[in-house]
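*Asks:* Sharing a structure below in structure tokens format, with a few things to ask.
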Amino acid sequence: MIMRLQPVVLLVFFLSLAAPLRAQDWGQAAGSILAADSGEPVPGVSVLVYGTNFGTASQDNGTYTLRLPIGRYLLRFSAVGFVALTDSVLIRSRATTTLNVRLATATIELDEVTVEDEMAAQAGVYRIDPEAIRHIPMPIKDALRALKTMPGVVTNNELSNQYSVRGGGFNENLIFLNGFEIFLPFRPRNGEQEGLSLLNTELTERVTFYTAGFPARYGGKLSSAVDVEYRRPHRSGESFSGSAYASLLDMGFSAGSSALRGRLGWLFSARKARARRFFETQELKGNYQPDYTDLQGMIAYELASGHELELLGMYAEHEFRLDPSSRKTFFGTVSTNNNLAPSNLQSLWIQFDEDNEERAGYETIFGGLRLSNRLSPRLRIEHDVSLFQTREKERFELSGQAIIFLVDLASDNSGGGEGLFPVGSSRQEDFADNAVEVSMITGQGRLYVTGDRHAAEAGYSLRRLDFKDRLDEKSVIIGRSTTGEIVRIIGDSLRDTASFGAWQVAVYAQEAVDVLTDRPGKLLLTGGLRADYYSFTDEWTLSPRLTATYRKDDETTLFGSLGIYYQAPTYRELRGKPEVGETILGALNRDLRSQRSMQAVAGWEYFIEQRRFYLRGEFFYKRISNVITYDIDNVRVRYSGENDAKSNTYGFDLQLRGEFVPGLESWVNYSYLVANEEFKDDFLTVYNRGTVSRPTDQRHTVSLFIQDYIPDDPTWRLHLRTLFGSGLPYTPPVPGPQIGNLVTQAPGPRFSARYPRYFRFDIGATKEIAVTRPDSNHPISIELTAELLNLFDMTNTVAYTWIPNAAGIWTRIPTRLTPRTLNVRLRVGF
């Protein structure tokens, strides 16, 4: 089970694991590197622990020194123009082991050099090792939740897999799996309703994250793209392998293999997540019953040499059920000097009525079929068709009595009801019975042509979108006015159904060119043009894009990008916020235009040879027109349904990345962001004039993921994740219309206040056990992991609700996230 533990006990436990690390001394390898034919020293040679990025580089005189934990290692020596060499070395405690090497000269023909799709550094492009994702301490292992440790990602909610990139919205991110586009839930109200994303880390071979400057092959969104590739066992000749894992929150199984002499490859996985005990740690108490299940499978078959058929299928079902009982929230201030500032500690107690229930969830089906044909060594074409269908449902009937108390600080048991003085009460009744069905059928094709100095690509896409929406919801607050009379205030109220359909068409072309023929790989330019058509608004858009990467020298790479991006308004943006009495179809705005973003990125990456670290920085600027403004409540996004503003976003991201110990990559990020918007004259009010913050305007963000192990027992690994974000903005209320003697509330100055900062510190320890020898034909290993989530028990707020007190004044009540919890996990790899 998940347990709440005392901080002192937890710190002693984890620090005891790290104690041998502090006591253990390292040794070092040292020597000289010479050219075999001339005997001259070779500077700038990479000296790496084989299979890792941990190492150093030789000095101008050809000498090197590499500190390592005690043990035997295989070192790899490589340099441009020389044949790579590997040799073993034994490292002893506090001793220097001498290893001198001679490198033979290599001959490279210019015709062998072609444009590589994978550059060392590109503007806005980051790659994440799937194994690192598995070891990031987080409640549920999920590739999208792992993105919160990447530069430029705004974070404030560990319960959700929604994310914002460089000031963009939750709905501005592309997600691709094996070249097929997939989607997150369309209308979640809170993070508990989302379940897992469809990306299964256990099957993943590569994750590429574009925070900006993504090429023309990706279109339809403004902010980012995630491109995930699953393993193709038949291409690598993979024998039967897989994994099984179970924790207190989730479990899963995956397997894959090649067959028919490498012509057939298959993958299969099953996952289930029941994070009931994790959700139960929140202030809202009740019977939580979340249940997420998904099945995924992939089959690839080589019809003939160079001709392949691939089928990818998924089924996911998630049901979140909650029978709420009560909620206790303490908030306010406690003063150490009442003469300067008196204490004002308050408490909200909510007792829910019997038979209250909240149920939400979705059922998603995806299928994709692709035919790939390599017509020649330099020409390849592929065509595919896919179907994405989902049905989301939400039903709840909640009612209860809320009482606000002043808390007597002298009481020893305020949590048990002592020392509480009631200052106001109200009753709230919420009802909803909503459902949305989404169906997308997509056909697309791509052409790839490669040459000695260039790589060209072109493609097309045709998609049919269909939405069926049913809304039936109502919110009522019942309270007493200052004269004691009962007042009933109706909040949101809407009841309607609607259907919506549209076509999307896209074509694109792009080419990457290695510009300097006499210096291969020095300067790479990639230019592209994309055209999109959206039938509902009868609109064509053109998106030119350009990226450049310049290798100044072996240590420094400069890069940049410039492009125009469009996002067509789909159903959520078109619907906006229907007014009371307005139909859904009546709220659809056929005059709405695509949001347009002009983006520029400039950056650099510096390779610190001696420590094998990469220091990277990027500056970015976005100018967005035809903005469709929106509000966020928890994770629910409500669009205005109008092109009512323009926006400017700018900032910079810094990252230090490398291996502090051999084979374990770590990184530290800092991001600065300013995201604001200005409303058009026709939409100005007294509360949105001038420049106002956007909902994702998180000025400062720090994230890190650190891995380490104990040298005298490398089967123990330690993993650390830290997330910090300065407060996101929200719109505070102001006095609204008066009903009886009770003054209601209305939205005040737009995003003029901010939530408290978001901070959490998660740590994990993993013990690896080899059941069979690593060189066995069928290796089996076991991983035992303990994770302490939110180590320092930080209080994080994701939203506010407002309840009137006896004086008719609305009191701000925080909705808080999860406290300190412990999770354990067992994984078997085979």
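The values are calculated or read from the model by the stated rules, or taken from the named source; none is laboratory data. Remember, it's a predicted structure, so these values are computed and weren't measured experimentally. Cβ coordinates were reconstructed from backbone atoms using ideal geometry, including for glycine residues, and neighbour counts include every protein chain displayed. Only protein heavy atoms, including side chains, enter the accessible area calculation; ligands, DNA and RNA are left aside. Shrake-Rupley method; radii C 1.70, N 1.55, O 1.52, S 1.80 Å.
*Asks:* In square angstrom, what is the accessible area per residue of the chain with a 1.4 angstrom probe?
*Replies:* For the chain, the per-residue accessible area is 43 Å².
*Asks:* Tell me, what ³J(HN,Hα) does each residue in segment 247-258 have, in order and in whole Hz, if you take phi through Karplus 6.51 cos²θ - 1.76 cosθ + 1.60 with θ = phi - 60° and put x for Gly and Pro?
*Replies:* 9, 6, 10, 7, 8, x, 9, 8, 7, x, 6, 9
*Asks:* Mind pulling the angle between the C-alpha long axis of helix 7-23 and the longest principal axis of the chain? Nearest 10 degrees, somewhere in 0 to 90.
*Replies:* Taking the Cα atoms of the chain, the angle to 7-23 is about 10 degrees.
*Asks:* Determine the relative contact order of segment 28-91: mean sequence separation of Cα pairs under 8 Å and six or more apart, normalised by residue count, in whole percent.
*Replies:* Relative contact order, segment 28-91: 32 percent.
*Asks:* What is the sum of charges, Lys and Arg at +1 and Asp and Glu at -1, for the other residues whose Cβ falls under 9 Å from the Cβ of L85?
*Replies:* So the environment of L85 carries a net charge of +1.
*Asks:* On the full set of protein chains, 1.4 Å probe, figure out the accessible area of S239 and give it in Å² to the nearest 10.
*Replies:* Result for S239: roughly 60 Å² accessible.
*Asks:* Would you calculate the separation in nanometres between label points at W503 and E555, each defined as 7 Å from the Cα along the Cα-to-beta-carbon direction?
*Replies:* About 5.8 nm, to one decimal.
*Asks:* Give the lysines reachable from K522 as a straight Cα distance under 16 Å; neighbours fewer than 8 places away on the same chain don't count.
*Replies:* K552
*Asks:* I would also like to ask the following. Taking θ as phi - 60°, what are the ³J(HN,Hα) couplings along segment 513-525 by the Karplus curve (6.51, -1.76, 1.60), each to the nearest whole Hz, with x for Gly and Pro?
*Replies:* 10, 8, 6, 8, 5, 7, 9, x, x, 6, 9, 10, 10
*Asks:* Report the one residue of L260, L284, T497 whose Cα lies farthest in the direction of the positive end of the charge dipole of the chain (charges on C-beta: Lys and Arg +1, Asp and Glu -1; origin at the Cα centre).
*Replies:* Of L260, L284, T497, it is L284.
*Asks:* Ignoring any ligand, DNA or RNA, what whole percent of the accessible area of segment 251-359 comes from carbon and sulfur when the probe is 1.4 angstrom?
*Replies:* In segment 251-359, the share of accessible area belonging to carbon and sulfur is 54 percent.
*Asks:* Compute the distribution of all C-alpha to C-alpha distances in segment 762-803, in bins of 10 Å from 0, and list the percent of pairs in each, rounded to whole numbers.
*Replies:* Using 10 Å bins, I get a P(r) of 21, 25, 20, 15, 12, 5, 1 for segment 762-803.
*Asks:* As I understand it, the dipole of segment 34-179 uses +1 on the Cβ of Lys and Arg and -1 on the Cβ of Asp and Glu, about the Cα centre. Which of L48, I140, S78 lies farthest toward its positive end?
*Replies:* Of the candidates, I140 comes out farthest on the positive side.
*Asks:* In what sequence, largest accessible area first, do F830, F54 appear using a 1.4 Å probe?
*Replies:* Largest accessible area first, the residues go F830, F54.
*Asks:* Give me the net charge of D697's neighbourhood, meaning all other residues with Cβ under 12 Å from the Cβ of D697; Lys, Arg count +1, Asp, Glu -1.
*Replies:* +4
*Asks:* Something else: Which value, in Å to one decimal place, does the Kirkwood hydrodynamic radius take for segment 179-240 when every pair of different Cα atoms is included?
*Replies:* Its Kirkwood hydrodynamic radius stands at 14.3 Å.
*Asks:* Looking at the chain, what % of its DSSP beta bridges pair antiparallel, to the nearest 5?
*Replies:* DSSP beta bridges in the chain are roughly 95 percent antiparallel.
*Asks:* Which of the pairs K285/K328; K141/K328; K393/K468; K148/K272; K622/K646 have their Cα atoms more than 20 Å apart in this structure?
*Replies:* Going by Cα-Cα distance, K141/K328; K148/K272 fall outside the 20 Å limit.
*Asks:* Determine the dipole magnitude for segment 159-276: charges of +1 sit on the beta-carbon of Lys and Arg, -1 on that of Asp and Glu, nothing else is charged, the reference point is the Cα centre, and the result goes in debye to the nearest 20.
*Replies:* Its charge dipole is roughly 200 debye.
*Asks:* For the pair S399 and D129, how long in nm is the line joining their label points, each one 7 Å along Cα→Cβ?
*Replies:* 5.7
*Asks:* Rounded to the nearest 20 debye, what is the charge dipole size of the chain about its Cα centre when +1 sits on each Lys and Arg Cβ and -1 on each Asp and Glu Cβ?
*Replies:* With only Lys, Arg, Asp and Glu charged at Cβ, the dipole is about 700 debye.
*Asks:* In whole Å, what three semi-axes, largest first, describe the equivalent ellipsoid of segment 263-408 built from its Cα gyration tensor (square root of 5 times each eigenvalue)?
*Replies:* Working through the eigenvalues yields semi-axes of 55, 20, 12 Å.
*Asks:* Carbon and sulfur atoms: what percent of the 1.4 Å accessible area of segment 486-556 do they account for?
*Replies:* Summing carbon and sulfur atoms, their accessible area is 56 percent of the total for segment 486-556.
*Asks:* Using helices alone, what [θ] at 222 nm do you get for the chain, with -39,500 (n - 2.57) per DSSP H run of 4 or more residues, divided over all residues and rounded to the nearest 500?
*Replies:* -1000 deg cm²/dmol
*Asks:* Here is a follow-up. Convex hull volume of the Cα atoms in segment 209-257, per residue, in Å³?
*Replies:* Given the Cα convex hull of segment 209-257, per-residue volume reads 135 Å³.
*Asks:* Could you give the length gained on full extension between Q289 and R689, defined as 0.36 nm per residue of separation minus the Cα-Cα distance, in nm?
*Replies:* Contour length minus Cα-Cα distance gives 139.5 nm.
*Asks:* Let me ask something else. Which whole-Hz ³J(HN,Hα) couplings does segment 820-830 yield from phi under the Karplus relation 6.51 cos²θ - 1.76 cosθ + 1.60, θ = phi - 60°, glycine and proline marked x?
*Replies:* 5, 9, 10, 10, 10, 9, 10, 10, 10, x, 8
*Asks:* What's the FRET efficiency of N100 with N373 using the Cβ-Cβ distance as r and R₀ = 45 Å, to the nearest 0.05?
*Replies:* In this case the efficiency is close to 0.30.
*Asks:* Still on this model: How large a share of the accessible area of segment 124-238, in percent, is made up of carbon and sulfur atoms when the probe is 1.4 Å and the other protein chains stay in place?
*Replies:* 45
*Asks:* What's the local net charge at F620, with K and R +1, D and E -1, over the other residues with C-beta under 12 Å away?
*Replies:* After counting each charged neighbour, the total is +1.
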